[in-house]
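S.K.: One structure, pasted below without further comment.
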Amino acid sequence: MTTMIDVLVIGAGFAGLRALHGCREMGLSTSVVEAGDGIGGVWYYNQYPGARCDVESFDYSYRFSPELEQEWRWSERYATQPEILKYINHVADRFDLRRDVYLNTRVVRAEYDAGAMRWIVDCEDGRQWNAGRLILAMGQLSAPKQTTYPGQETFAGRIIYSAQWPKDKIDFTGKRVAIIGTGSSGVQMTPVIARQAAQLTVFQRTANYSIPAANAPVSDAEDRMVKTDYRARREAARNSPSGLGFVPDPRSAIDVSAEEREAAYSAAWNRLGFGFALTFRDILLNQQSNDTASDFIRRRIAEQVEDPVIRDLLTPGDFPFGTRRPSVDSGYFATFNRPNVKLVDISKAPISAFTPDGIQTRDAEYPFDIIIYATGFDAFTGSLLKPDIIGRDGVQLRDKWSAGPISFLGLAVQSFPNMFIIVGPGSPSLLSNVLLSSEEQIDWLTALFEHCRQNAIAEVEASAEAEQDWVEHVNARAQETLYVKTPSYYMGAEMPGKPQVFMPYSGGVRGYRRILEKTAASGYKGFTLNKRAVQGVP
Ligand code: NAP
């Protein structure tokens, strides 16, 4: 059965549902297909203990409805995963979104029909959609790394992946638990599991920087204050570099006295969480400035850890702070002072195998009941490159991106007309408050769709020249930063064999928005807009 539709959205996370709402408001018939059996994207899958957002709740929420803003009451400064999932479900009900969401519907193939200027999208269960526009809202961190070790199948206990957390309640009481991986997921779950398990062993390959969340309940007074002028808060976020609302001190970190710098870092440390990276404008641009921030954090970590050997292992090494995504934690380092918690350094003595009893490293064997992989994702491109996406003249997206993602504005790809990517590579994406970035892009897209409607344009395609210029611009901006100095998932280093290119756009959300605005104002320069071929196509 083929469903004819104006817009097909792939993915029912925050971005996909927002795209559905935006397109529907325009009167476009729109469906969302979602591989999972629930809405919420990463917030549906990552149900591990301690999961919460690193962006403040007031900012990690939709801005499109002032009524929604007023009626929703966040309970904590940084919302937990269950509260975020409750919020997205509330939004789905409030705006009657579910009737156009098809769960358990995995897209396996999408092919552009150049004659009809439409996308033919095939799903695993045999259903087919025929859509005038295709929106990929598949997430940047939604293809989990399927890390395995030899002998894994012989392990007698339970193995869990943090990004595919099981639905049954895991009782850690009396259990010997291993966590492999110390990124944000490992860092968040460690303190919570340590409080329940008999023993917890954390296997660390690379120590990372982490800032305290400074989480707190949202008081009625704070709630009232934000809601009295929510527009001002939203505008501040839109005009800040990362969409978090923090504007950095415009001075260089090295142009202020040591005392002033220390005071600024201390204030940020105790309040800003992730925003610590924005204490001064050049922390991610200048090595000397970064050294001052990195040194401050190393000293704060050292204060939290009693054992000098563990302290050394937990202290991040020689890469600049922020060039790997830092974590925001709630008592992570102090957890290693507990008698039931152990840290195993696998940088020099790696895990060699799983045994029936547990984990074997080069140096020792450790028995466990439960082993948790918190080893991350095939970031940015993993989910986009899973289905076969075939554009004009049979070009496969996988082939086009074989040396790294190529796009215009991170939104559109030449040879793939009428296909748009939300918070994908080449856009601020994971360097920003992704919820804000997705709303910016969706508002821009719906305005483009309106322009097409008014001008009878059936086909929108990025030009090869615009795409080339954008890729050069993204790379040039990246080269101005320290990000390119460190292998990280920003650089494609998390997956063996992945092209090593800088994935997101580092020019900031405000700079990016200005480029989007300029593009629209120019009549969508950089895109080829083709008139309707057949009457009735939206
Ligand atoms: P991650 O940051 O990529 O961390 C993965 C960890 O696993 C790293 O410590 C990595 O070590 C280790 N690892 C990877 N492969 C391994 C292997 N084969 N053997 C041993 N160790 C291995 O993944 P994540 O913690 O899931 O976080 C990913 C991103 O999701 C975060 O950066 C953040 O953007 C997002 N996230 C956000 C929140 C939030 O908003 N609160 C929470 C969780 C996650 P190396 O560093 O040595 O590679």
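S.K.: For the subset of segment 373-390 comprising residues that are over 22 Å from Thr190 (Cα atoms), of a type in the set (A, V, I, L, M) and part of a loop (DSSP other than H, G, I, E, B), which member is nearest to the chain's Cα centre (by Cα)?
M.R.: If we take residues in segment 373-390 being over 22 Å from Thr190 (Cα atoms), of a type in the set (A, V, I, L, M) and part of a loop (DSSP other than H, G, I, E, B), then Ala379 is nearest to the chain's Cα centre (by Cα).
S.K.: Could you please tell me which pairs satisfy a Cβ distance under 6 Å, a separation of 6+ or placement on different chains, a first residue in segment 327-343 that is under 10 Å from Thr190 (Cβ atoms) and modelled with pLDDT of 95 or more, and a second residue that is away from the ligand (no atom under 16 Å from the Cβ) and part of a loop (DSSP other than H, G, I, E, B)?
M.R.: Once the first residue is under 10 Å from Thr190 (Cβ atoms) and modelled with pLDDT of 95 or more and sits in segment 327-343, its partners that are away from the ligand (no atom under 16 Å from the Cβ) and part of a loop (DSSP other than H, G, I, E, B) give Phe333/Val305; Phe336/Val305.
S.K.: If you don't mind, another one. Could you look through segment 123-149, keep only residues that are in contact with a Ser or Thr (Cβ under 6 Å, 6 or more places away or on another chain) and more than 30 Å from Ile179 (Cα to Cα), and pick out the one that is farthest from the ligand (Cβ to nearest atom)?
M.R.: Asn130
S.K.: Right, something else. Given (1) of a type in the set (A, V, I, L, M); (2) assigned to a loop (DSSP other than H, G, I, E, B); (3) out of contact with any strand residue (DSSP E or B) (no Cβ under 6 Å at 6 or more places or on another chain); (4) under 13 Å from Val101 (Cα atoms), identify the lone condition not met by Leu17.
M.R.: Exception for Leu17: condition (2).
S.K.: A follow-up question, please. Of these, Ala302, Ala293, which one is part of a helix (DSSP H, G or I), touching a helix residue (DSSP H, G or I) at 6+ places or on another chain (Cβ under 6 Å) and either more than 30 Å from Phe155 (Cβ to Cβ) or polar (S, T, N, Q) (or both)?
M.R.: Working: Ala293 fails: touching a helix residue (DSSP H, G or I) at 6+ places or on another chain (Cβ under 6 Å).
Only one candidate qualifies: Ala302.
S.K.: Got a sec? Which of Leu445, Leu384 is of a type in the set (A, V, I, L, M), away from the ligand (no atom under 16 Å from the Cβ) and touching a Phe, Trp or Tyr at 6+ places or on another chain (Cβ under 6 Å)?
M.R.: Selected residue: Leu445, the only one of Leu445, Leu384 that is of a type in the set (A, V, I, L, M), away from the ligand (no atom under 16 Å from the Cβ) and touching a Phe, Trp or Tyr at 6+ places or on another chain (Cβ under 6 Å).
S.K.: Do we find a residue being buried (at least 19 other Cβ atoms within 10 Å of the Cβ), among the β-branched types (Val, Ile, Thr) and assigned to a strand (DSSP E or B) anywhere in segment 393-412?
M.R.: No, because not a single residue in segment 393-412 is buried (at least 19 other Cβ atoms within 10 Å of the Cβ), among the β-branched types (Val, Ile, Thr) and assigned to a strand (DSSP E or B).
S.K.: Against the condition in a loop (DSSP other than H, G, I, E, B) and within 16 Å of the ligand (Cβ to nearest atom), how does Pro425 come out, does it pass?
M.R.: Judged against the criteria, Pro425 is a match.
S.K.: Here is a further query. Tally time: how many residues in segment 274-305 are under 17 Å from Gly245 (Cα atoms) and surrounded by fewer than 20 Cβ atoms within 10 Å (Cβ to Cβ)?
M.R.: So the answer is 1.
S.K.: Which one of these is within 13 Å of the ligand (Cβ to nearest atom) and under 23 Å from Gly50 (Cβ atoms): Asp345, Asp369? Outline the logic, then answer.
M.R.: Details: Asp369 fails: within 13 Å of the ligand (Cβ to nearest atom).
The conditions single out Asp345.
S.K.: Select from segment 362-372 the residues that are closer than 21 Å to Thr173 by Cβ and outside any loop (DSSP other than H, G, I, E, B) and list them in ascending order.
M.R.: Within segment 362-372, Tyr366, Pro367, Ile370, Ile371, Ile372 qualify.
S.K.: May I pose another question? Which ones in segment 27-45 are of a type outside the set (Val, Ile, Thr) and touching a strand residue (DSSP E or B) at 6+ places or on another chain (Cβ under 9 Å)?
M.R.: Residues satisfying the conditions are Gly27, Leu28, Ser29, Ser31, Glu34, Ala35, Tyr45.
S.K.: May I ask you to verify whether Arg271 is surrounded by fewer than 19 Cβ atoms within 10 Å (Cβ to Cβ) and either within 21 Å of Gln188 (Cβ to Cβ) or within 24 Å of the chain's Cα centre (by Cα) (or both)?
M.R.: Yes, satisfied.
S.K.: Sort through Ile120, Ile160 and tell me the only one that's surrounded by fewer than 22 Cβ atoms within 10 Å (Cβ to Cβ), within 16 Å of the ligand (Cβ to nearest atom) and part of a strand (DSSP E or B).
M.R.: Ile160
S.K.: Okay, moving on. Among the residues of segment 200-249, write down those that are within 25 Å of the chain's Cα centre (by Cα) and in a strand (DSSP E or B).
M.R.: Once the filter is applied, which keeps residues that are within 25 Å of the chain's Cα centre (by Cα) and in a strand (DSSP E or B), segment 200-249 yields Val202, Phe203, Gln204, Ser210, Ile211, Pro212, Pro217.
S.K.: Another question, if that's okay. I'm trying to understand the selection: among the residues of segment 424-437, which are farther than 16 Å from Arg510 by Cβ and buried (at least 24 other Cβ atoms within 10 Å of the Cβ)?
M.R.: Gly424, Pro425, Gly426
S.K.: Another question, if that's okay. Filtering segment 34-70 down to residues that are in a helix (DSSP H, G or I) and in contact (Cβ under 8 Å) with a residue 12 or more places away in the chain, which residue is surrounded by the fewest Cβ atoms within 10 Å (Cβ to Cβ)?
M.R.: Filtering segment 34-70 down to residues in a helix (DSSP H, G or I) leaves 42-45, 66-70.
Those still in the list that are in contact (Cβ under 8 Å) with a residue 12 or more places away in the chain too: 42-45, 66, 68-70.
On the way: Val42: 19, Trp43: 22, Tyr44: 21, Tyr45: 22, Pro66: 12, Leu68: 16, Glu69: 18, Gln70: 10.
Here the answer is Gln70.
S.K.: Okay, moving on. If you check Gly183 against the conditions, is it of a type outside the set (A, V, I, L, M, F, W, C) and within 16 Å of the ligand (Cβ to nearest atom)?
M.R.: It is true that Gly183 is of a type outside the set (A, V, I, L, M, F, W, C) and within 16 Å of the ligand (Cβ to nearest atom).
S.K.: Let me ask something additional. Looking only at segment 304-320, filter to residues that are away from the ligand (no atom under 14 Å from the Cβ) and under 24 Å from Met491 (Cβ atoms); which one of those is farthest from the chain's Cα centre (by Cα)?
M.R.: Thr315
S.K.: Based on what the data block shows, is Arg18 free of Cβ contacts under 8 Å to residues at least 12 places away in the same chain and under 28 Å from Pro387 (Cα atoms)?
M.R.: No; evaluated as a whole, the condition is false for this residue.
S.K.: Is there a residue being of a type in the set (Ser, Thr, Tyr) and within 16 Å of the ligand (Cβ to nearest atom) anywhere in segment 58-74?
M.R.: yes
S.K.: Oh, and also: I'd like to verify a number: residues in segment 71-81 that are closer than 16 Å to Val42 by Cβ and touching a residue at least 40 places away in the same chain (Cβ under 8 Å), how many?
M.R.: Qualifying residue count for the region: 1.
S.K.: Any residue in segment 174-203 that's free of Cβ contacts under 8 Å to residues at least 40 places away in the same chain: show its pairings with residues that are of a type in the set (A, V, I, L, M) and more than 16 Å from the ligand (Cβ to nearest atom) at Cβ separation under 7 Å, as long as the two are six or more apart or on different chains.
M.R.: Note: pairs meeting the criteria are Gly174/Ala198.
S.K.: Restricting to segment 348-362, and then to whatever is surrounded by fewer than 16 Cβ atoms within 10 Å (Cβ to Cβ) and either more than 15 Å from the ligand (Cβ to nearest atom) or modelled with pLDDT of 95 or more (or both), can you tell me which residue is farthest from Arg158 (Cα to Cα)?
M.R.: Pro350
S.K.: Checking Leu85 against (1) part of a loop (DSSP other than H, G, I, E, B); (2) more than 14 Å from the chain's Cα centre (by Cα); (3) under 22 Å from Lys227 (Cα atoms), which test does it fail?
M.R.: (1)
The values are calculated or read from the model by the stated rules, or taken from the named source; none is laboratory data. From a predicted model like this one, the values you see are computed outputs, not experimental measurements. Heads up, the Cβs are rebuilt from the backbone with ideal geometry, glycines too, and the neighbour counts pull from every protein chain shown.
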